[in-house]
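Some notes on the structure that comes next.
Any read-out appearing in this document is the output of simple, stated calculations on the displayed coordinates, not a laboratory observation. All values derive from a computational prediction rather than experimental measurement. Cβ sites come from the backbone with ideal geometry, for glycine too, and all protein chains shown count toward neighbours.
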């Protein structure tokens with residue numbers, strides 16, 4: 001969990017931002033969480049009453065601090081979405097919890113911020129169509145299942161085919177990738193997908209899960225992207241969206257390494273890429 005603090009420290013130390021410039025989100029209210037999740041599940045989690053099976057699925061020990069951090073992180077994704085709609089682009093220092101399901105956690109994910117944002121903005125009439133472009137190395141199975149019957153939330157998952165979860169869901173667009181794929185081939189898939197899907201759906205908002213578990217040094221990834229490849233991917237996604245005047249939210253998604261500081265720098269690639277894209281677009 002310390003990667004989130006280290007990411008903040010890295011972004012400040014690198015001069016990209018200052019502590020005062022970072023926006024502090026509110027805790028996401030239960031009524032908004034319940035747009036995508038079962039209320040009984042929300043209550044069980046917040047009170048530390050998960051079953052042993054759910055604790056096993058989650059893979060994280062429960063604590064009050066983790067519960068508070070979890071709902072604040074979803075609030076951060078909501079705040080980032082609001083900022084993106086106002087300014088065109090915004091990046092969160094957390095988020096991308098795409099394995100969380102309607103009534104249970106999974107794969108370190110408790111509440112699904114991508115599904116919560118989609119339901120909240122669609123039901124509020126703030127947007128008419130959302131496209132989730134999930135580049136985490138693992139399929140966004142929870143997102144796909146929660147939003148399966150929501151026609152105006154388009155789920156797109158680029159993921160390593162032979163990887164978690166073993167039992168895949170059905171996204172609107174699943175793009176399974178072979179193990180060992182490197183920068184050049186991967187970037188072509190990203191570019192081709194966006195060139196096809198953005199004009200096809202013309203979304204009012206793109207939610208971009210910029211998981212860095214595609215990196216060659218990631219413990220759980222099985223793809224072979226370099227730092228340069230991850231940066232090129234992030235810049236490509238952001239430029240595709242901004243070039244079509246589509247607001248885009250970046251969330252950090254998955255990343256796993258015993259070298260936490262290296263991992264934090266890897267997650268920071270999204271934010272540095274966004275800064276370069278903004279300079280490029282201006």
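Here are a few things to note about the model shown:
- Normalising the Debye intensity of segment 162-282 to I(0), with uniform scatterers on Cα atoms only, and taking log10 at q = 0.10 Å⁻¹ returns -0.31.
- Mean-square fluctuations from a GNM of the chain, with a 10 angstrom spring cutoff on Cα atoms, peak among 125, 182, 75 at 125.
- Extended-chain gain in nm, criterion 0.36 nm per residue less alpha-carbon gap, residue 2 and residue 66: 21.9 nm
- The chain - Kirkwood radius from inverse mean 1/r over Cα pairs (Å): 18.5 Å
- Relative contact order computed over the chain (Cα-Cα under 8 Å; 6+ residues apart), in percent: 20 percent
- With the cut-off at under 15 Å, measuring from each backbone N in segment 224-249 to a point 7 Å along the Cα-to-Cβ line of residue 185 picks out 224-226.
- Cα gyration tensor shape for segment 37-88, rounded if a/c is under 1.5, else prolate or oblate: prolate
- Between segment 136-174 and segment 13-54, the Cα center-to-center distance that results, in Å: 21 Å
- The Stokes-Einstein estimate for segment 1-91, based on a Kirkwood radius over Cα pairs and taken at 10 °C with 1.306 mPa s viscosity, is a diffusion coefficient of 105 µm²/s.
- Highest mean packing comes first when the peptides 130-139, 59-68 are listed by Cβ atoms within 10 Å, giving 130-139, 59-68.
- Of all DSSP-defined beta bridges confined to segment 2-281, some 5% are antiparallel rather than parallel.
- Cβ-based exposure ranking for 23, 33, in which fewest neighbours within 10 Å come first: 23, 33
- Prolate/oblate/rounded label for segment 136-179 (Cα gyration tensor, a/c 1.5): prolate
- Computed from the alpha carbon atoms alone, the convex hull of segment 51-139 holds 111 Å³ per residue.
- Calculated on the Cα set of segment 103-173, radius of gyration then Dmax: 12.0, 38 Å.
- Max mean-square fluctuation residue, GNM over the chain, Cα-Cα springs under 10 Å, options 217, 172, 259: 259
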